[in-house]
Amino acid sequence: MKLHTVSIFVDDQQRAVEFYTGRLGFAVSADIPMGEHRWLTIVDPERPDGTQLSLEPKDHPAVGPFTEALATDGIPFCVLGVDDVQAEYDRLTALGETFTQPPTAMGPVIIATLDDTCGNLLQLAQFTG
């Protein structure tokens, strides 16, 4: 058994795919029209057979309050591993992206928290130990 697809809820699927591919460097794995929305997944381009991230619309009534509460409390929805948090922080802030937490050493990990422009906070993590 392996983890195949994990979902993240987004305000706007098109804006999300532009952010996750254009800013973060993921690649579209599936983009299938499904009525007013799409089955839209992204993947690490270096591991196209790896775990996919589904960019799910926030249509279910429970999703809005849940994701808003996480963002209000500063809780990231997911963690993305990077080789160098400071370099990613510098690159993304130069592109105008907003961080709610700058690179911070936390024991064996350096983290930074980023707004994905689609209603979520993402944590970038560099594991050092």
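Laboratory data are not the source of any read-out in this text; all were calculated from the coordinates shown. Predicted model only: the values in this text are computed from it and were never measured. Because the Cβ atoms are built from the backbone with ideal geometry, glycine has one as well, and the counts that use them run over all protein chains shown.
Pull out the extension gain between D49 and A87, defined as 0.36 nm times the separation in residues minus the alpha carbon to alpha carbon distance; nm, one decimal. Present the calculation step by step, with values, prior to reporting the outcome.
Working: separation 38, 0.36 × 38 = 13.68 nm, distance 2.65 nm.
Going from the current span to full extension adds 11.0 nm.
Taking the beta-carbon count within 10 Å as an exposure proxy, list K2, K58 from fewest neighbours to most.
K2, K58
Apply the Karplus curve 6.51 cos²θ - 1.76 cosθ + 1.60, θ = phi - 60°, to the phi angles in the range 45-55 and return the couplings in whole Hz, x for Gly and Pro.
Running phi through 6.51 cos²θ - 1.76 cosθ + 1.60 with θ = phi - 60° gives x, 7, 9, x, 9, x, 4, 9, 10, 8, 8 Hz.
Would you mind calculating the relative contact order of the chain from Cα pairs under 8 angstrom and at least 6 residues apart, reporting the percent as a whole number? Intermediate values should be presented prior to the final figure.
Details: 235 pairs, mean separation 30.6, N = 129.
It rounds to 24 percent for the chain.
Suppose each label sits 7 Å from its Cα in the direction of the beta carbon; what would the I75-T5 distance come out to in nanometres?
Once both label points are built, they end up 2.5 nm from each other.
When a footprinting reagent is the concern and you count Cβ atoms within 10 Å, what order do L122, L80 take, fewest first?
L80, L122
If you place +1 on the Cβ of every Lys and Arg, -1 on the Cβ of every Asp and Glu, and leave all else neutral, what size is the dipole of the chain about its Cα centre, to the nearest 20 Debye? Mind dumping the intermediate values first?
On the way: 7 positive and 19 negative charges, 40 e Å.
The calculation lands at about 200 debye.
I need the phi-derived Karplus couplings for the range 28-36: 6.51 cos²θ - 1.76 cosθ + 1.60, θ = phi - 60°, integer Hz, Gly and Pro marked x.
Each residue's phi maps through the Karplus curve to give 5, 9, 9, 8, 10, x, 9, x, 7 Hz.
Per residue of the range 17-23, in order, report the coupling 6.51 cos²θ - 1.76 cosθ + 1.60 (Karplus, θ = phi - 60°) as ³J(HN,Hα) in whole Hz, putting x for Gly and Pro.
For the range 17-23, the Karplus curve yields 5, 5, 5, 5, 8, x, 9 Hz.
Measure out, as a whole number of angstrom, how far apart the alpha-carbon centroids of the range 36-69 and the range 70-129 sit.
If you average the Cα positions of each part, the centres end up 18 Å apart.
So how do M1, M34 line up by other beta-carbon neighbours within 10 Å, fewest first?
M1, M34
May I ask for the angle, rounded to the nearest 10°, between helix 85-94 and the longest principal axis of the chain, with both axes built from Cα atoms and the value confined to 0 to 90°?
That helix lies at roughly 70 degrees to the long axis.
Return one number: the angle in degrees, 0 to 90 and rounded to the nearest 10, between the long axis of the Cα atoms of helix 63-72 and the longest principal axis of the Cα atoms of the chain.
Taking the Cα atoms of the chain, the angle to 63-72 is about 10 degrees.
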